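All remarks here apply to the structure that follows.
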Amino acid sequence: MSEAIDYRNLHSAGAISITGVSKSFGKLKALDDVSLELEPGSVTVILGPSGSGKSTLLRAINHLERVDEGYIQIDGDYIGYQRRGDKLYELKEQAILRQRINVGYVFQNFNLFPHLTVLDNLIEAPIAHRQLSRREAIDRAGELLDVVGLRHKADAWPRHLSGGQQQRIAIARALMLNPRVMLFDEPTSALDPELVGEVLDVIKKLARSGTTLVIVTHEVGFAREVADNVVFMVDGRIVEQGSSHQVLNQPRHERTKRFLARVL
Ligand code: ADP
Ligand code: MG
C-alpha cells in the first residue's frame with residue numbers, strides 16, 4: 001500500500017453527539033435511550049451480542065433509520081426528533097441534512113455494484129449527484145485506490161476480486177466525498193480469516209488520518225490496538241462505555257465480562 005499519499009488531507013473529522021435516542025420496531029425496542037459523545041477524529045468500537053442494536057445505531061447516525069425520539073448531532077447539524085412537553089418536533093429536513101452531514105458507510109457484504117468496474121463504482125454516485133466533475137472524480141478515485149493499495153484494479157470487475165479487495169474498494173468508495181464520519185458495520189465478518197487483516201490495515205490507516213470512525217466489530221484485538229473508546233451494548237442500551245483500555249481490560253458490567261470471556 002502506498003504510504004506516499006498524505007491521506008490526512010483527504011478527510012475532515014466530525015464530532016458526533018447522540019442524545020436520548022430510541023427506536024422501536026413494533027413492540028421491540030431496538031434502541032432504548034442511547035446517549036453517546038464522540039470527539040472529532042476519535043475511533044470508537046461498538047461491541048455487543050447479536051440483536052443488541054448496533055446496526056440500528058449506525059443506521060440512525062447515517063439517517064438510514066428514522067429514530068422515534070432523541071437526536072443526533074454531527075458537527076452541530078441536528079437530525080432526529082426532540083420532545084418538548086408531550087410533543088415531538090422534527091429537527092431538520094431529513095434528506096437535505098443527510099447529504100450535508102456526509103457520512104460514509106461500509107457494510108458487511110461490500111455492496112459493490114456488480115455491473116460496474118472498480119473505477120466506475122467509485123465515481124458513479126459523485127458524478128450522478130453532481131458533487132464532483134468527471135475529471136475530479138477520476139482523480140480522487142485514483143488517490144483513494146492508492147490509499148487502499150488497489151490502483152492496479154481500477155478496470156477490474158468486482159466479481160474478479162477477493163472479498164478483502166472488494167471490501168477495500170467499498171471503503172475507497174465511501175471516502176469519495178470526504179466524509180466527516182465513517183461507519184463500519186462488521187466490515188470483516190463476511191471474509192475468510194486470511195483476508196481480515198488487509199481490511200483492518202486499511203481501517204487502521206484511516207484511524208491515523210483523523211477521520212471520526214465508528215466500527216461495529218467482534219475483532220477485540222483490533223479494538224485494543226486502534227480504538228480510543230469502546231461501547232458495549234445489550235438489548236438496545238449502552239451498558240458500558242469508556243476508554244478501550246478500561247472496557248476491555250477492566251470491564252465493570254457483568255454482561256461485558258461474559259461477552260469478552262466468550263470472544264477472546
Ligand atoms: P445488531 O446489529 O446488534 O445485531 P440490530 O440493530 O440489527 O442488532 O437489531 C436490533 C434489534 O432490532 C433486533 O432484535 C432486530 O431483529 C431488530 N430489527 C432491526 N431492524 C429491524 C427492522 N427493519 N424491522 C424489524 N426489526 C428489526
Ligand atoms: Mg448488526
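What about residue 3, is it modelled with pLDDT of 50 or more, open to solvent by 50 Å² or more (accessible area, probe 1.4 Å) and charged (D, E, K, R)?
Values: modelled with pLDDT of 50 or more: no; open to solvent by 50 Å² or more (accessible area, probe 1.4 Å): yes; charged (D, E, K, R): yes.
So residue 3 does not fit the description; no.
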Can you spot a residue in segment 210-232 that is over 30 Å from residue 147 (Cβ atoms) and either open to solvent by 30 Å² or more (accessible area, probe 1.4 Å) or not basic (Lys, Arg) (or both)?
yes
Restricted to segment 158-187 and to residues being part of a loop (DSSP other than H, G, I, E, B) and open to solvent by 10 Å² or more (accessible area, probe 1.4 Å), the residue nearest to ligand 1 (Cβ to nearest atom) is 186
State the number of residues belonging to segment 208-249 that are assigned to a helix (DSSP H, G or I), closer than 17 Å to residue 13 by Cα and of a type in the set (Ser, Thr, Tyr).
1
Restricting attention to segment 20-38, and to residues there that are open to solvent by 50 Å² or more (accessible area, probe 1.4 Å) and away from ligand 1 (no atom under 12 Å from the Cβ), which single residue is farthest from residue 185 (Cα to Cα)?
33
With respect to residue 146, determine if the residue is more than 21 Å from residue 215 (Cβ to Cβ), acidic (Asp, Glu) and assigned to a loop (DSSP other than H, G, I, E, B).
no
Counted residues, segment 51-76 - those being within 16 Å of ligand 2 (Cβ to nearest atom) and either modelled with pLDDT under 95 or among the acidic types (Asp, Glu) (or both)
6
Looking at (1) touching a helix residue (DSSP H, G or I) at 6+ places or on another chain (Cβ under 8 Å); (2) under 18 Å from residue 43 (Cβ atoms), find the lone condition where residue 158 falls short.
(2)
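Across segment 39-56, what is the number of residues that are more than 12 Å from ligand 1 (Cβ to nearest atom) and assigned to a helix (DSSP H, G or I)? Write out each step before concluding.
Within segment 39-56, the subset more than 12 Å from ligand 1 (Cβ to nearest atom) is 39-45.
Restricting the remaining residues to those that are assigned to a helix (DSSP H, G or I) gives none.
Summing the residues that are more than 12 Å from ligand 1 (Cβ to nearest atom) and assigned to a helix (DSSP H, G or I) in segment 39-56 gives 0.
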List every residue pair whose Cβ atoms sit under 7 Å apart, with the two residues 6 or more apart in sequence or on different chains, where the first one lies in segment 216-237 and is under 13 Å from residue 43 (Cβ atoms) and the second, anywhere, is open to solvent by 10 Å² or more (accessible area, probe 1.4 Å) and of a type in the set (Asp, Glu).
216/185; 216/186; 217/186
Taking segment 12-38 as the search range and keeping residues that are touching a residue at least 60 places away in the same chain (Cβ under 8 Å) and part of a loop (DSSP other than H, G, I, E, B), which one is nearest to ligand 2 (Cβ to nearest atom)?
14
Hey, could you check segment 57-72 for residues that are near ligand 1 (Cβ under 10 Å from one of its atoms) and touching a residue at least 60 places away in the same chain (Cβ under 8 Å) and say which is nearest to residue 109 (Cα to Cα)?
58
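Regarding residue 141, is this residue part of a loop (DSSP other than H, G, I, E, B) and either within 16 Å of ligand 2 (Cβ to nearest atom) or over 14 Å from the mean Cα position of the chain (by Cα) (or both)?
On the way: part of a loop (DSSP other than H, G, I, E, B): no; either within 16 Å of ligand 2 (Cβ to nearest atom) or over 14 Å from the mean Cα position of the chain (by Cα) (or both): yes.
Here the answer is no, as residue 141 does not meet what is asked.
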I'm trying to understand the selection: among the residues of segment 35-70, which are out of contact with any helix residue (DSSP H, G or I) (no Cβ under 8 Å at 6 or more places or on another chain) and among the acidic types (Asp, Glu)?
37, 39, 68, 69
Can you report the number of residues in segment 110-135 which are at pLDDT 95 or above, open to solvent by 80 Å² or more (accessible area, probe 1.4 Å) and not in a helix (DSSP H, G or I)?
2
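The values are calculated or read from the model by the stated rules, or taken from the named source; none is laboratory data. Note that the coordinates shown come from a computational prediction; the quantities given were computed from them, not determined experimentally. Quick reminder, even Gly has a Cβ in these numbers, built from the backbone with ideal geometry, and neighbours come from all protein chains shown. What goes into the accessible areas is simple: the full protein's heavy atoms, side chains included, and nothing from ligands, DNA or RNA. Shrake-Rupley method; radii C 1.70, N 1.55, O 1.52, S 1.80 Å.
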